[in-house]
Amino acid sequence: MLLTSSPDRASAAKTSTQYDCDVAIAGGGIVGVTLARALQASGLRVGIVEAQVPDAAIARDRSYAVSVLSSRILDGLGVWKTVFPRVGAFSRIHLSDADAPGAVEFELRDLGTDYLGFAGPHGALLSALQAAVADADSITWFCPATVADAAIDAQGATLTLNAPDENNRREVRARLLVAADGARSRVRASAGVRTRGWKYGQSCITTTFAHAAPANDTAFERFWPTGPMGVLPLPGNRCQVVWTNPHARAQELQATDANTFTTALERYTGGLLGRIELLSDRLVFPVQLLQSDRYVQPRLALVGDAAHCCHPVGGQGLNLGIRDAVAIAEVLTAAHHRGEDIGSLRVLQRYDRWRRWENVAILGLTDMLNRTFSNEWLPAVAVRRSGLWAMRRVPPVRRFSLSLMTGLLGRQPEVAHVTARA
């Protein structure tokens, strides 16, 4: 097990088997490290427990929609200047009901920003965040290690860590435990926090491809009766597709030969990107909606997928997690500076009130979009066509829809309004 202030370099193991900190973060993915970076100047000591070594953690072949608000948050955290050269930036968003006429085209003038969004590779985002906290004296990594047990009492949380070297087994004691360990959160389960939600009977197939279109500045959301298809532009005339289908159809698309798949992909993208060439393996993952019954209890808080999961339509998932991370960091920093107990329910409920209902609204929106567009029931067709018409023709509806998609509605964290720091 690596015990160090940096995820990239080893240090001699400390003689003590217990490490004390203020905030222990279970999960060193994008959301967990965003939280650590946001707490870096707070005066709080942070411990990060991550199961994968750094190189393995950043190697995931996946890209995410990064909203305008998330880009501002990452800029305020001092990492966007490193990430930006490696992302795809888009200045148009194309929404369509399959191949029906009346597609919606959002443009820069609709929002008044430099871009409407970005597509960020997993490795670019996580490696930049790792580098930003690498030399922080206030942040200690336990990596590779997993949380074998989390005991929470009135004073704090005690984490028993499993590591490849059982002789290096140790405990982490914290005033607050934050679960950032994903949709199957072991910390959430061990704390007895229940979840509500449902599975959609759908899976997403995702892959990266090159295309022949002369421009690569448009993000596409094409709604088909079988499920939505999102296409995000990446650098170098490449795109990532996240294509929702019923489980069996997704498995068929994964197993079919490359020529058959690209022919289907060219058809479902409406020929808007011309000839397509696959560049990566096709991966399939099931889709679900999940909302935790509570985000906080004394000495525990949930962030990101540990707290909620939504349908990938609209690319909201990671962006919600990033906002969770900086919101709880802002709450904890303010409470610490006022001398409050950061693990108390009174403090943690401020985070819950900030994030829970905004997340519920986004989860409800993605659920409604998927259900409304993923069928051919005539009343639903009429409703969605009317909605697209309003987005095309009614300026307030157009601005509201775009502001919602880009994260610019609702309460924004202070870090989104500061200039980048080193």
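The values are calculated or read from the model by the stated rules, or taken from the named source; none is laboratory data. Bear in mind that the values here come from a model prediction, so they are computed numbers and not experimental data. So basically every Cβ, Gly included, is an ideal-geometry build from the backbone, and we count neighbours across all protein chains shown. Just the protein is used for accessible areas: all its heavy atoms, side chains included, with ligands, DNA and RNA removed. Shrake-Rupley method; radii C 1.70, N 1.55, O 1.52, S 1.80 Å.
Yes/no per residue for (1) over 27 Å from residue 385 (Cα atoms); (2) among the charged types (D, E, K, R); (3) touching a His at 6+ places or on another chain (Cβ under 6 Å):
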site	(1), (2), (3)
196	yes, yes, no
204	no, no, no
212	yes, no, no
215	yes, no, no
221	no, yes, no
247	no, no, no
252	yes, yes, no
266	no, yes, no
Quick one: which helices (runs of 4 or more DSSP H) lie wholly within the stretch 245-364 and hold at least 1 residues that are within 22 Å of residue 45 (Cα to Cα) and open to solvent by less than 10 Å² (accessible area, probe 1.4 Å)?
317-337
Residue ID - nearest to residue 255 (Cα to Cα), chosen from residues in the stretch 167-183 that are open to solvent by 60 Å² or more (accessible area, probe 1.4 Å) and modelled with pLDDT under 95:
169
Across the stretch 61-70, the tally of residues that are in a helix (DSSP H, G or I) and of a type outside the set (Val, Ile, Thr) stands at 2
The stretch 204-221, subset under 13 Å from residue 272 (Cβ atoms) and touching a Phe, Trp or Tyr at 6+ places or on another chain (Cβ under 7 Å), residue most open to solvent (accessible area, probe 1.4 Å)
217
Of all strands (runs of 3 or more DSSP E) completely enclosed by the stretch 164-240, which ones contain at least 1 residues that are closer than 19 Å to residue 120 by Cα?
195-211, 218-224, 227-234
What number goes with the only condition from (1) over 22 Å from residue 328 (Cα atoms); (2) in contact with a Phe, Trp or Tyr (Cβ under 7 Å, 6 or more places away or on another chain); (3) modelled with pLDDT of 95 or more that residue 84 does not pass?
(2)
Return yes when residue 240 is in contact (Cβ under 8 Å) with a residue 40 or more places away in the chain, farther than 30 Å from residue 46 by Cα and open to solvent by 10 Å² or more (accessible area, probe 1.4 Å) and no when it is not.
no
Go through the residues of the stretch 113-131 one by one and say whether even a single one is within 30 Å of residue 237 (Cβ to Cβ), in contact with a helix residue (DSSP H, G or I) (Cβ under 9 Å, 6 or more places away or on another chain), among the acidic types (Asp, Glu) and open to solvent by less than 60 Å² (accessible area, probe 1.4 Å).
no
Go through the stretch 41-63 and report how many residues are out of contact with any Asp or Glu (no Cβ under 9 Å at 6 or more places or on another chain), surrounded by fewer than 21 Cβ atoms within 10 Å (Cβ to Cβ) and under 20 Å from residue 324 (Cα atoms).
1
Residue check for residue 73: part of a helix (DSSP H, G or I) and open to solvent by less than 20 Å² (accessible area, probe 1.4 Å)
yes
Farther than 19 Å from residue 21 by Cβ and either in contact with a His (Cβ under 6 Å, 6 or more places away or on another chain) or at pLDDT 95 or above (or both) - does that describe any residue in the stretch 131-151?
yes
Quick check on my filter: what residues within the stretch 374-422 are among the hydroxyl-bearing types (Ser, Thr, Tyr) and assigned to a helix (DSSP H, G or I)?
386, 401, 403
Exclusive hit being in contact (Cβ under 8 Å) with a residue 40 or more places away in the chain, farther than 27 Å from residue 118 by Cα and not β-branched (Val, Ile, Thr), set 312, 286, 233, 246:
246
Could we say that residue 150 is closer than 22 Å to residue 304 by Cβ, open to solvent by 10 Å² or more (accessible area, probe 1.4 Å) and under 24 Å from the mean Cα position of the chain (by Cα) here?
no
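For (1) in contact with a strand residue (DSSP E or B) (Cβ under 6 Å, 6 or more places away or on another chain); (2) in contact (Cβ under 8 Å) with a residue 12 or more places away in the chain; (3) on the phi > 0 side of the Ramachandran plot, each residue gets a yes or a no:
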{"site": "293", "(1), (2), (3)": "no, yes, no"}
{"site": "329", "(1), (2), (3)": "no, yes, no"}
{"site": "340", "(1), (2), (3)": "no, no, no"}
{"site": "392", "(1), (2), (3)": "yes, yes, no"}
